[in-house]
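Participant: I'd like to ask some things about the structure below.
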Amino acid sequence: MSTYGIDLGTTYSCIARLDSNGNPEVIRNNEDNSNTLASVVFFENENNVIVGQVAKDNVETDGDRVVQFVKREIGKPDNRIYEFDGKTYTPVEISALILTRLKNIVESQGDTIDDVVITVPAYFGLEERSATKQAGELAGLNVLSLINEPTAAALSYCARQFQEDRIILVYDLGGGTFDVTVVKMSMTPNDESGEVQKITVLATGGDDRLGGKDWDDRLFDYILRACCEENGLSPEDIEAETRQDIRGKVEEAKRKLSQKEKTKVRIDVNGSRTEIVITRKDFERMTADKVAQTMNFVESTLQKVSDVEIDTVLLVGGSTYMPMIKEAVEQRFPGKVQQHDPDQAVAKGAAIYASMLGVAVENTVDGESSSTADGEMSDDKRAELAAKFTVEDQTPRSFGPGVVDTKGSKNKYILENFIKIGEKMPAIATKTYYPIEDNQERVRLRAFENMSMDDALIPCVNEEGEPQATDPAHNVKLLGELVVNLPPNTPKTTPIQVTFKVDASGVHVEAINTATGDKFETFLRTASDIDIEKSAVHQLRISSD
Ligand code: ADP
Ligand code: MG
């Protein structure tokens, strides 16, 4: 059995496993001569779908046949569809193509791939998570679990340098997203009266539209302007081919500037060859405001966790190879910055987690050790790892039912948050409500997810049955509904006990009519296949009076 960890990234993905010594190793993408795989899919024609660098090289020339940044669409309510050659693809299917390519990379090197752990951003909600899992299954992988990206990064850091209680700030600047996460590592007792290191997420922040791409864009503008100056042209005179030429060269130039003080790019400007020299200093000057933006997000995330002292800052994400990033973070957190293979740390952490889970699965499923393939880590090693760490799963969102508050002059439809972001999973909470009126035939109990820490929110539900929160930042989403049928002559004072249970696979909603003992339940994974009643009747109210 081979167990792998996969970082399914917005711009680049990566796959890793543990070697025979228990050390994480990335499986190289030899075709692209890289440790990572560009998360880009090019639908060349009906019979040829290309994933990786070649697909990325086609962004400029065949942009309308290329899909990139699909992670931004996965599990989102607008259910975006892509169409090529008469076939349609969902974001889950596109993601599955990327995962299949990673699987093929492993197989082309002679290994088989069975169980995997896939990473997701800490702020992903239930639908994004279940869609990611679906993509894995569609690619023929057995998804043991998902793990939060910053948690995986912390795990890979701690496996390398074991330390006791620590507060770690993970600064993850990728290609299209910037994520800041504060993670806590703490020693807790385990079942065998020993101690394990527990990893929990304390706060998240960042921007899903800020990343390496912004640095590329600045460099593009700079080179374009330089080309104009050299040739006495104005930007409108620059032909499309020249723009494509520049676009195709900026990322490479950026990467070179991470190593060298200056680099040259040769551009064919409307037919005349032009050489532009860019110094690292120039590059830093033209992107200084972007660096400052990331640091502002660091500060605002820190404000969410008062009274904690950051012990270590982990630099994660390919864009942290840029020296300007390390310098800025060092300046804010002198002596605390750590950086190890920033574009691979997440996949490596996922590989460690996958192996830990592998032990748990073997112990519970067959109780016997399976034979070890060549080069694969021994069961003892895995057991050792599993004994060292535990990852506490936390609710990625707040959850609760929509109910009617009858107090005051006007009935208000509110969302009561039973379970808040960051609670230990499985999280469970119960509350009692009442029918709105006597002889109510049924209750349509709506279940919501949101990003607020408030006890109650005021969403109203529009004609389509979609929630419209007062504050869009709370990101209120309707997950589904539970229909509770009430027997004839039910008085409005009948207590209905509502329970929400949230675990890694979804939300379980249960309602018990305490007068009859009738129990109704449903399991909600995604909102894609629900049929929501549009009217505001058939609800439950908060108080019995
Ligand atoms: P993702 O955003 O998918 O998580 P990564 O963490 O691998 O992906 O980050 C990808 C970004 O890192 C891209 O914008 C890429 O150009 C950038 N990058 C990778 N290597 C370097 C480097 N040596 N110098 C500067 N930027 C780099
Ligand atoms: Mg990433």
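Participant: Mind checking the full-extension length gain between Asn231 and Arg255? Use 0.36 nm per residue of separation minus the Cα-Cα distance, one decimal, nm.
Facilitator: Values: separation 24, 0.36 × 24 = 8.64 nm, distance 2.63 nm.
Result for the pair: 6.0 nm of gain on full extension.
Participant: What is the sum of charges, Lys and Arg at +1 and Asp and Glu at -1, for the other residues whose Cβ falls under 10 Å from the Cβ of Leu210? Each step should come with its number before you reach the end.
Facilitator: Numbers: positive: Arg209, Lys213, Lys290; negative: Asp179, Asp207, Asp208, Asp214.
Once all neighbours under 10 Å are counted, the net charge is -1.
Participant: Apply the membrane-span-like helix rule to the chain: whole DSSP H runs, Cα extent along the own long axis of at least 15 Å, mean Kyte-Doolittle hydropathy at least 0.5. List the helices found. Let's see the in-between values first.
Facilitator: Details: long enough: 91-108 (26 Å, 0.68); 126-138 (18 Å, -1.01); 149-160 (17 Å, 0.09); 212-231 (29 Å, -0.92); 240-257 (26 Å, -1.54); 280-304 (35 Å, -0.92); 345-365 (29 Å, 1.11).
Once both thresholds are applied, what remains is 91-108, 345-365.
Participant: Still on this structure: So, counting K/R as plus one and D/E as minus one, what does the shell of residues with Cβ under 14 Å around Ile168 add up to?
Facilitator: Working: positive: Arg160, Arg166, Lys184, Lys198, Lys336; negative: Glu149, Glu164, Asp165, Asp172, Asp179, Glu309, Asp311.
Summing Lys/Arg as +1 and Asp/Glu as -1 gives -2.
Participant: Also: Convert each backbone phi in the range 171-187 into a coupling constant with the Karplus relation 6.51 cos²θ - 1.76 cosθ + 1.60 (shift: θ = phi - 60°), then list the ³J(HN,Hα) values in order as whole Hz, x for Gly and Pro.
Facilitator: 9, 10, 10, x, x, x, 9, 10, 10, 10, 9, 9, 10, 10, 10, 9, 7
Participant: Could you list Glu137, Glu149, Glu481 so that the one with the fewest beta carbons within 10 Å of its beta carbon is first and the one with the most is last?
Facilitator: On the way: Glu137 13, Glu149 30, Glu481 23.
Result, fewest neighbours first: Glu137, Glu481, Glu149.
Participant: A further question follows. Tell me which of Gly205, Val26, Ser300 sits at the most positive position along the dipole axis of the chain, charges placed on C-beta atoms (Lys, Arg +1; Asp, Glu -1).
Facilitator: Ser300
Participant: How high is the relative contact order of the range 39-130? Use alpha-carbon pairs under 8 Å, at least six apart in sequence, and give a whole percent.
Facilitator: On the way: 91 pairs, mean separation 22.0, N = 92.
About 24 percent, as a whole number.
Participant: May I pose another question? Give the Rg (one decimal place) followed by the Dmax (whole number) of the range 1-74, computed from C-alpha coordinates and expressed in Å.
Facilitator: For the range 1-74, the Cα-based Rg and Dmax read 14.3, 46 Å.
Participant: Give me the percent of Cα-Cα pairs in the range 145-248 that sit more than 20 Å apart, rounded to a whole number. Don't jump to the answer; show the numbers that get you there.
Facilitator: Details: 3148 of 5356 pairs.
Tail fraction, whole percent: 59.
Participant: Hey, another quick one. Give the lysines whose C-alpha is closer than 17 Å to that of Lys87, dropping any in the same chain fewer than 8 places away, or say none.
Facilitator: Lys87 reaches no qualifying lysines.
Participant: Ok, one more. What ranking do 319-331, 510-522 get when scored by the average of other Cβ atoms within 10 Å per residue, highest first? Display every interim value, and only then the final one.
Facilitator: On the way: 319-331: 19.7, 510-522: 15.4.
The most tightly packed comes first, giving 319-331, 510-522.
Participant: Around Glu31, what is the net charge, scoring Lys/Arg as +1 and Asp/Glu as -1 over all other residues with Cβ under 15 Å from its Cβ? All intermediate terms of the calculation are to be shown ahead of the outcome.
Facilitator: Numbers: positive: Arg28, Lys56, Arg101, Lys103; negative: Asp32, Asp57, Glu107.
Within the 15 Å Cβ shell, the charges total +1.
Participant: With point charges of +1 on the Cβ of Lys and Arg and -1 on the Cβ of Asp and Glu, referenced to the Cα centre of the chain, which listed residue (Ser2, Ala288, Thr177) lies farthest in the positive direction of the dipole?
Facilitator: Looking along the dipole axis, the top candidate is Ala288.
Participant: List the pairs from Lys256/Lys304; Lys184/Lys519; Lys76/Lys348 whose alpha-carbon separation is above 32 Å, in the order I gave them. Present the calculation step by step, with values, prior to reporting the outcome.
Facilitator: On the way: Lys256/Lys304 37 Å; Lys184/Lys519 40 Å; Lys76/Lys348 27 Å.
Check vs 32 Å cut-off fails for Lys256/Lys304; Lys184/Lys519.
Participant: Can you bin every Cα-Cα distance in the range 192-232 into 5 Å intervals starting at zero and give me the percent of pairs per bin, rounded to whole numbers?
Facilitator: Reading upward from the zero bin: 5, 15, 11, 10, 10, 8, 8, 7, 6, 6, 5, 3, 3, 2, 1, 0.
Participant: With the dipole of the chain worked out from charges on the C-beta (+1 for Lys and Arg, -1 for Asp and Glu) around the Cα centre, which of Thr112, Leu415, Val196 lies farthest toward the positive end?
Facilitator: Leu415
Participant: With n ≥ 4 as the cut-off for DSSP H runs, can you work out [θ] at 222 nm for the chain, using -39500 (n - 2.57) per run divided by the number of residues, rounded to the nearest 500? Don't skip to the end; give the middle numbers.
Facilitator: Working: 10 runs with 152 residues, N = 545.
The helix-only estimate for the chain comes to -9000 deg cm²/dmol at 222 nm.
Participant: Now for a separate question. Looking at the chain from every direction and averaging, what is the projected area of its Cα convex hull in nm²?
Facilitator: Working: hull surface 120.8 nm².
Mean shadow area of the hull around the Cα atoms is 30.2 nm².
Participant: So, by mean Cβ neighbours within 10 angstrom, what's the order for 212-218, 91-97 with the highest one leading? Could the numbers behind the result be given before it?
Facilitator: Numbers: 212-218: 20.0, 91-97: 22.4.
My ranking of the peptides, most packed first, is 91-97, 212-218.
Computed from the coordinates by the stated procedures, all read-outs in this text should not be read as laboratory data. Only a predicted model underlies this, so the values are computations on that prediction, with no experimental measurement involved. Positions of Cβ are generated from backbone atoms using ideal geometry, with glycine treated the same way; all protein chains shown enter the neighbour counts.
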